[in-house]
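Participant: For reference, the structure I am asking about is given below.
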Amino acid sequence: MQNDHHHERPLHPTLAHVTQRITERSAATRATYLAAMTAQRKKGTQRTGMGCANMAHTTAALPLADKLQIHAERAPHLGIVTAYNDMLSAHQPYETYPQKIRDHAHGLGATVQVAGGVPAMCDGITQGAAGMELSLFSRDVIALSTAVALSHNVFDAALMLGICDKIVPGLFMGALQFGHLSTVFVPAGPMTSGLSNDAKAKVRQQYAQGLVGRDALLESEAQAYHSPGTCTFYGTANSNQMLMEIMGLHLPGASFVNPGTPLREALTLGAVKRAVANTGRTGEPALSLADIVTEKTLVNGIVGLLATGGSTNHTLHLVAMARAAGVLIDWDDFAELSHVVPLLARVYPNGSADVNHFHAAGGMGYLMQQLLAAGLLHADVNTVMGAGLDSYTREPWLDSGQLAWRPVPEQSGDLSVLRPVSEPFSADGGLRLLQGNLGRSVVKVSAVKPEHRVVRAQAVVVSDQQDLLTLFNEGKLERDLIAVVRYQGPRANGMPELHKLTPPLAVLQDKGFKVALVTDGRMSGASGKVPAAIHLSPEALSNGPIARVRDGDWITLDCERGVLELEVDARTLARRRIKHPDLSANEHGSGRELFGLFRENAGAAESGASPLFAPLAVNRPVAPVATPTA
């Protein structure tokens, strides 16, 4: 669908400036990527001129009619890469998708195979357990698995079936290595609303204080997470869905339609239709993933993240995702855009609403309409629908049973959830870059009240989140403090989310203490009202300054000025010995034995914390502080 009037919207100068800087920074790596995609596009699939034995293996399990079509090269052939399992409520609906997709593709004259499956772990299950230390690196395993699935090189298009935290970034990174293909991401939608997020959070805090027992906590959680579909709070999984839509890789309005509904089914079949059309084999122009994912597309993704108060995990994931397309982004880009992108949505943990309420209030279509009108999105991009973003300011509906789109309402359906640019919740996007003599980190302040955004207090230093929980349970944290939780970076233990720290720190804050967190680990899309300087780089195991912090040191964490400063002079700090703790326990159990290669080769957090992009120079190398020998 051609956007005929995007030129009428002047682009915000900061958006233009940041995009230009990214384009210049990425010139060499982007050119290399595009050259590889052009070469692959010219080469085409290996079905052309394929050896008979290879072809026989390709089609051995297919129905005769499909075999004949593929052998004759008469029709587009689609590959499904699926993250289906029924451990994840979000992914359980995918069980029935392949057959539905096959049936619909046949009606379009196309053939389909499941190219491969990728792992999909539930962070909600592994929080605080050893398995969580595989979570971040599962993104890179998914990227590798996606590449393996598509390496058969017999497909004209790919359908990506994935939703949750590391899965969409991994599918995205892997699919970009086959960016010459028509590619559509296919969501499955959020579960219907259960127990309110505010009520759930209250029970969690009561449990942390010993006011209610495990039975009450389990009942609360089960009422919140209760059926097939994505969890309804606005964490990384739903941030992924927002990203795929604002970057034009979903069908318009597809992100937050509940599973098992007629509209959800129609959107899934519509995705198949677009994948077939974009192969260029049915009369429409060819449109590949590499044609869609550009510097402008990725900037649109950052804007969407900021405008919705999305997951801090994407300060890692988006960087790695961009690198897979040869685009180099860093935290300066996030921070500069955050100053001009207003916060337009309040979805838990940044408000009481869930994603179903957000969708009902106008959802992605209203959000994108507002951002486009303000010049805060690049309209001149390609999407799976064609050229321009105008088609994404429309919402899907069933017109006599057929999928159609209509303009989104011009007014928000609920101003407590979704607002226009003229009346934002906040003038900025709520993501800040903090820097100082401890390094560089990010903080999400969209859920942090202004009076809690500046904390100066003494450090309580631990090397394991459980140690901090123990101090809390023993009543030893009843004061102003900045919790320094180190050796949680990608090289130390795979950078697990420190989600379990949120309730106790929130309890201390509610008691009137000034409280903050500083860590080289992750806090997840569920981080909340306590200021948390996360992803601190360089990490402790790389001899980052955080390794030299001692109990009682004064630290200033100032979200307003962007400062994270240890109040110890440079000479004293340099004299302090670094003695890394014994981290051997991180190497055993729950499969961690197999991930040593990932830990050893992980990049810094600001470069995406991935072991897959070592050849690309880190945007901002930080020399480790030399450890005194005497």
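Participant: So what is the calculated 222 nm ellipticity per residue for the chain, using -39500 (n - 2.57) for each DSSP H run with n of 4 or more, over all residues, to the nearest 500 deg cm²/dmol?
Facilitator: Taking each H run of at least 4 residues, the total per residue is -10500 deg cm²/dmol.
Participant: Working out 0.36 nm times the residue gap between ILE125 and LYS202, then minus their Cα-Cα distance, what length gain in nm do you get to one decimal? The partial results should precede the final answer.
Facilitator: Numbers: separation 77, 0.36 × 77 = 27.72 nm, distance 2.01 nm.
Contour length minus the Cα-Cα distance gives 25.7 nm.
Participant: Next question. If you count only protein heavy atoms with a 1.4 Å probe, what accessible area per residue comes out for the chain, rounded to a whole Å²?
Facilitator: Details: 23380 Å² over 630 residues.
Accessible area per residue, the chain: 37 Å².
Participant: Right, another one. Check cross-link reach from LYS514 to the lysines: straight Cα distance under 27 Å, and skip same-chain residues fewer than eight apart.
Facilitator: LYS200, LYS202, LYS444, LYS449, LYS476, LYS500, LYS529
Participant: Quote the Stokes-Einstein diffusion coefficient, in whole µm² s⁻¹, for the chain, based on the Kirkwood radius over alpha carbon pairs, a temperature of 25 °C and a viscosity of 0.890 mPa s.
Facilitator: On the way: Rh = 25.0 Å.
Diffusion coefficient, whole number: 98 µm²/s.
Participant: With the Cα gyration tensor of region 408-463 in hand, give its eigenvalues times 5 under a square root as the equivalent ellipsoid semi-axes, listed largest first in whole angstrom.
Facilitator: 34, 12, 10
Participant: Around LEU398, under 13 Å between beta carbons, what's the net of Lys plus Arg minus Asp minus Glu among the other residues?
Facilitator: Within the 13 Å Cβ shell, the charges total -1.
Participant: Let me ask something else. Give me the distance in nm between label points sitting 7 Å out from Cα along the Cα-to-Cβ direction at ASP551 and ARG479, one decimal.
Facilitator: 1.0
Participant: How much length, in nm to one decimal, is gained on full extension between ASP86 and ARG561, taken as 0.36 nm per residue of separation minus their Cα-Cα distance?
Facilitator: 166.5 nm
Participant: Then there is this: Bin by bin, in steps of 10 Å, what percent of the Cα pairs in region 96-146 do you find, going until the bin that has the longest distance?
Facilitator: The calculated distribution, bin by bin, is 23, 31, 24, 18, 5.
Participant: So, in Å, what gap is there between the alpha-carbon centers of region 189-221 and region 229-274?
Facilitator: With region 189-221 and region 229-274 each reduced to a Cα centre, they are spaced 27 Å.
Participant: How many Å³ per residue does the convex hull of the Cα positions in region 46-88 occupy? If you can, show how the numbers build up before the last one.
Facilitator: Working: hull volume 4.5 nm³, N = 43.
Given the Cα convex hull of region 46-88, per-residue volume reads 104 Å³.
Participant: Here's something else I'd like to know. If you find the alpha carbon centre of region 543-617 and of region 291-306, how far apart are they in angstrom?
Facilitator: So the two Cα centres are separated by 29 Å.
Participant: Then there is this: Viscosity 1.002 mPa s, temperature 20 °C: what is the translational diffusion coefficient of region 462-523 from Stokes-Einstein with a Kirkwood Rh over Cα pairs, rounded to a whole number of µm²/s?
Facilitator: 182
Participant: Using a probe of 1.4 angstrom, how much of the accessible area of the chain is carbon and sulfur, in percent?
Facilitator: Roughly 54 percent, rounded to a whole number.
Participant: In Å, what Kirkwood hydrodynamic radius results for region 319-432 from the alpha-carbon pair distances?
Facilitator: Roughly 15.7 Å, rounded to one decimal.
Participant: Find the eigenvalues of the gyration tensor of the Cα atoms of region 224-312, then list the square roots of 5 times those eigenvalues as equivalent ellipsoid semi-axes, largest first, in whole angstrom.
Facilitator: Values for region 224-312, descending: 25, 20, 7 Å.
Participant: Additional query: Nearest 5 percent is fine: what portion of the DSSP beta bridges confined to the chain is antiparallel?
Facilitator: Around 45 percent antiparallel, to the nearest 5.
Participant: Counting only Cα, what are the radius of gyration and maximum Cα-Cα distance Dmax of region 111-185, in Å?
Facilitator: 13.1, 44
Participant: Around VAL319, under 11 Å between beta carbons, what's the net of Lys plus Arg minus Asp minus Glu among the other residues?
Facilitator: In short, -2.
Participant: Between VAL148 and HIS106, what is the spin-label point distance in nm, taking each point 7 Å from the Cα along the Cα→C-beta axis?
Facilitator: Going from the VAL148 label point to the HIS106 one covers 3.0 nm.
Participant: What nm distance separates the two modelled labels at ALA404 and ALA16, each placed 7 Å from Cα along Cα→Cβ?
Facilitator: About 3.9 nm separates the two model spin labels.
Participant: Roughly how far apart, in whole Å, are the Cα centres of region 404-444 and region 155-180?
Facilitator: A separation of 27 Å, based on Cα centres.
Participant: For region 177-247, taking Cα atoms only, what is the radius of gyration to one decimal and the Dmax to the nearest whole Å?
Facilitator: 17.0, 57
Participant: Okay, moving on. To check you understand DSSP bridge types, tell me what percent of the beta bridges within region 394-546 (both residues inside) are antiparallel, rounded to 5.
Facilitator: The antiparallel proportion sits near 55 percent.
Participant: Normalised radius of gyration for region 1-145, please: alpha carbon Rg relative to 2.2 N^0.38 Å, two decimal places. Mind showing how you got there, number by number?
Facilitator: Details: Rg = 21.5 Å, N = 145, 2.2 N^0.38 = 14.6 Å.
Cα Rg divided by the expected 2.2 N^0.38 Å: 1.47.
The values are calculated or read from the model by the stated rules, or taken from the named source; none is laboratory data. All values derive from a computational prediction rather than experimental measurement. A quick note on method: Cβ atoms are made from the backbone with ideal geometry, for glycine too, and the neighbour counts reach across all protein chains shown. Just so you know, the surface numbers come from the protein's heavy atoms only, side chains and all, with ligands and any DNA or RNA stripped out. Shrake-Rupley method; radii C 1.70, N 1.55, O 1.52, S 1.80 Å.
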